[in-house]
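Trainee: Would you mind keeping the following structure in view while I ask a few things?
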Amino acid sequence: MTQARRIDGERISLALAAILSSQTFARSERLRTFLKFVVEHEQLGLAHQLKGYTIGMDVFSRDGALDPGVDALVRVQAGKLRRLINLYYADEGRHDPVRIRIPLGGYVPVYEWGPESRRTLDAVFPYLVAAEKNGGDPIRIDRETGGETGAAHRPAPAPDRHLHALPQIFIVTAPGSDWRAKTFDSAMRISEARLFGLKLAPQQACPPAKADDLDFLLHLDSTCAGGPLAARLTHIATGDAIARQARPAGETIDSRRIAAFANLFAAETMTLCGEVYTFCRRHRLSSALMDCLEATYQYKLENSHDAYLEASRHQQRLAHPHRLPAFITELSDLLALTTRLS
C-alpha cells in the first residue's frame, strides 16, 4: 500500500487547493491545470492513464497521434512543475501538513506528510540561532514553536571564518618556460568567470608561506623547447598531487589548442564535480559554501525530492542566522548571497 492511500482524499484535496491558490503558482495557469489533472485522476483510481500522450491531449490540447513531440512537451512541462512545487514547499507551503510530489520518470503524484515541527526547525536551525537584540542580549529559538525564548543559556557559537571559504588556485610558471605556459595561464583566467566554486589568485601572486587548507598550486612547465607542456595541480598544505596532464612533445600546437587544453584541464579538476572538490570532500576540508554549492548542483542534476531536501538543508546552514525567502537554484545567486551575508 502506498503512502498516497494512507492519507485521506480530503487532506489531499486541501493540499491541492493550497498549491493552486498560492502566489508561487499564480502566473502558471498551465502548470496549475497539469497538477490538478494528475492529482484528480490519481484520486479517481485512473493513475494508469497518466501517460505522456494522455496528458498532452487533455491538458495541452495536443494530438498525440499526429504530433511526435507531444511526449517531449509533457516531459519539459513536468520538469517545470516539479521545480515550482519545490519552490512552493520551500516558502509558502513549508508548514503544509500534506505535500504533493511528482516523482521523476512518471506523472503519477505521490503524497507525504509534511515534516513534524521539531524536524522542520532542526533543518532550518541546525544549531541555536544567536543574535544581538535590544542592547546585545543573545536570543535563542524555541525548537517546538519557532519563537524566541529570551536570553540563551549558553554563549553563541563563534562565527566560522571558513563558512564562505572557497578553494584558491595559485598559478606558477616554471622559470624559462616558453609562450605555451603563459598562454595556458591566460586561458585559465579568461574562463575563470565560468568556474563556479573556486577562485584564482592574482597573476604573479606567490603561494603563502603558511598555506590555508583550501590553497592549491597549479604548476605550469614548458621549459623544454619542442617538449611537452605540463600542468600539475597539488594541495599546498600537504603536497598531495591532485592531477597532472601534459600535451605530447613534438605535437603541432597553436594558442587555440593550448586554450582547449586549459579548458579541458579546468573542467576535469576545478568544477564542482572535479578533482579539487573531490579532494576537499574526501579530506573533510569543504566549507559550508562548498557543501551548499555541491548539494544545489546535485539537485539541479537530479531534480529529485531527496536532493532538494539536502540542498535546502545546506542553504539554510549557509544563510544562518538569516532566513532565506525561497530555495535558491542558481549557483551564481548562492555566491552573490555570501557577499551580502559576509
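Trainee: For the peptides 44-53, 293-302, what is the packing order when you average, over each peptide's residues, the other Cβ atoms within 10 Å and list the highest mean first?
Mentor: My ranking of the peptides, most packed first, is 293-302, 44-53.
Trainee: Report the calculated FRET efficiency for Ser13 and Glu112 (r = Cβ-Cβ distance, R0 = 22 Å), to the nearest 0.05. Mind dumping the intermediate values first?
Mentor: Values: r = 16 Å, r/R0 = 0.71.
About 0.90, to the nearest 0.05.
Trainee: In addition: Taking all protein chains in place and a 1.4 Å probe, what share, in percent, of the accessible surface of region 262-342 do carbon and sulfur account for? Mind showing how you got there, number by number?
Mentor: Details: 1890 of 3760 Å².
Whole-percent figure for carbon plus sulfur exposure: 50.
Trainee: Return the lysines within reach of Lys199: Cα separation strictly under 30 angstrom, same-chain partners fewer than 8 residues apart disregarded; answer none if there are no such residues.
Mentor: Lys182, Lys210, Lys300
Trainee: OK, next. What percent of all Cα-Cα pairs in region 185-342 falls into each 5 Å bin, going from 0 up to the bin containing the maximum distance?
Mentor: All Cα pairs considered, the percentages come to 1, 8, 15, 18, 18, 15, 11, 7, 4, 2, 1, 0.
Trainee: On to the next question. Rolling a 1.4 angstrom probe over the protein heavy atoms, how many square angstrom per residue are accessible across region 259-318? Walk me through the numbers on the way to the answer.
Mentor: Working: 2520 Å² over 60 residues.
That works out to 42 Å² per residue.
Trainee: Leaving out same-chain residues fewer than 8 places away, which lysines sit with a Cα under 17 Å from that of Lys36?
Mentor: Lys51, Lys80
Trainee: Here's a follow-up. Report the net charge of residues surrounding Gly106, where surrounding means a beta-carbon distance below 12 angstrom and charges are Lys +1, Arg +1, Asp -1, Glu -1. Let's see the in-between values first.
Mentor: Numbers: positive: Lys51, Arg75, Arg82, Arg101; negative: Glu42.
Computed value for this residue: +3.
The values are calculated or read from the model by the stated rules, or taken from the named source; none is laboratory data. Since we're looking at a predicted model, the values are computed, not measured. Reconstructed Cβ throughout: ideal geometry from the backbone, glycine too, with neighbour counts over all protein chains shown. We work out accessible area using only protein heavy atoms, side chains counted, and drop any ligands, DNA or RNA first. Shrake-Rupley method; radii C 1.70, N 1.55, O 1.52, S 1.80 Å.
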